[in-house]
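One structure below.
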Amino acid sequence: DIQMTQSPASLSASLEEIVTITCQASQDIGNWLAWYQQKPGKSPQLLIHSATSLADGIPSRFSGSRSGTQYSLKISRLQVEDTGIYYCLQRYSNPRTFGGGTKLELK
Amino acid sequence: QVQLQQSGAELAKPGSSVKISCKASGYTFTSYYISWIKQTTGQGLEYIGYINTGSGGTNYNEKFKGKATLTVDKSSSTAFMQLSSLTPDDSAVYYCARKADFDYWGQGVMVTVSS
């Protein structure tokens, strides 16, 4: 199975700050990576698909990038509503595998 | 609007089975696969498998073969997952999700296995 190593596990940041979360794939997965946000008691919500494409209705302050087998999610200006847990997912091969999650809190 | 409405919480005894549902609306059901995902505090998110809603074909994560059985009823636009031989390790929230990117998710079903 492809391992997705996500970092950091937790993060505390201030309003308007730039936040970056990364996922390292254990092998080449091309652009077959997605990012999700999950709020307490809710289902995950798709933010980014195909490594860099913004999902419908997602604010433009979210962006995704790729460098080799390292993928990043960037929040350009952190807002209150951006707190939650973020996950990456590789869908290059079955079984799909998720990163361990990053808990993002406001400082 | 696209919705995936899942069935209610389940309390089950060890060794028993449960069958949870995921009813789709707002799009052509047979156009997209439905996947199932398990979420626990300890293991995070785990992919169980998917079902081709048009053909009924399935693909399972090896870890869940023999544990989960995915089926579909096209007439009611509903996907089902049966979990068998339940143990406390099967206690989790189970989600259904649409398409390869999991662009829409159900609200989740909490399954609790306890004697």
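Computed values, structure above
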| item | result |
| --- | --- |
| Out of B:SER85, B:SER16, sole residue that is away from every other protein chain (no Cβ under 12 Å), farther than 26 Å from A:MET4 by Cβ, touching a strand residue (DSSP E or B) at 6+ places or on another chain (Cβ under 9 Å) and at pLDDT 95 or above | B:SER16 |
| Selected residue (criterion: nearest to the other protein chains (Cβ to nearest Cβ)) from residues of segment A:30-41 that are free of Cβ contacts under 8 Å to residues at least 60 places away in the same chain and either farther than 17 Å from A:PRO59 by Cβ or surrounded by 21 or more Cβ atoms within 10 Å (Cβ to Cβ) (or both) | A:ALA34 |
| Top-ranked residue in segment B:73-93 [being within 13 Å of B:GLY49 (Cα to Cα) and out of contact with any Asp or Glu (no Cβ under 9 Å at 6 or more places or on another chain); ranked as least open to solvent (accessible area, probe 1.4 Å)] | B:MET81 |
| In segment A:55-79, the residues that are within 22 Å of A:GLN27 (Cα to Cα) and of a type in the set (Ser, Thr, Tyr) | A:SER65, A:SER67, A:THR69, A:TYR71, A:SER72 |
| Extreme residue, farthest from the other protein chains (Cβ to nearest Cβ), among residues of segment A:96-107 that are surrounded by fewer than 18 Cβ atoms within 10 Å (Cβ to Cβ) and within 22 Å of B:THR41 (Cβ to Cβ) | A:GLU105 |
| Test: residue in segment A:49-59 that is under 23 Å from B:PHE64 (Cβ atoms), at pLDDT 95 or above and within 11 Å of another protein chain (Cβ to nearest Cβ) | no |
| Filtered residue count, segment B:46-72, keeping only those that are out of contact with any Gly (no Cβ under 8 Å at 6 or more places or on another chain), part of a strand (DSSP E or B) and open to solvent by less than 60 Å² (accessible area, probe 1.4 Å) | 5 |
| Residue among B:GLN43, B:GLN107 that is farther than 17 Å from B:GLY8 by Cβ, of a type in the set (S, T, N, Q) and facing chain A (nearest Cβ under 10 Å) | B:GLN43 |
| Breaking point among (1) more than 9 Å from chain A (Cβ to nearest Cβ); (2) open to solvent by less than 10 Å² (accessible area, probe 1.4 Å), for B:TYR32 | (2) |
| The listed residue being more than 14 Å from chain B (Cβ to nearest Cβ) and out of contact with any Leu (no Cβ under 9 Å at 6 or more places or on another chain), out of A:SER12, A:SER72 | A:SER72 |
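The values are calculated or read from the model by the stated rules, or taken from the named source; none is laboratory data. Keep in mind that this is a model prediction, so the values were computed, not measured. Reconstructed Cβ throughout: ideal geometry from the backbone, glycine too, with neighbour counts over all protein chains shown. To get the accessible areas, we keep the full protein, side chains included, count just its heavy atoms, and leave off ligands, DNA and RNA. Shrake-Rupley method; radii C 1.70, N 1.55, O 1.52, S 1.80 Å.
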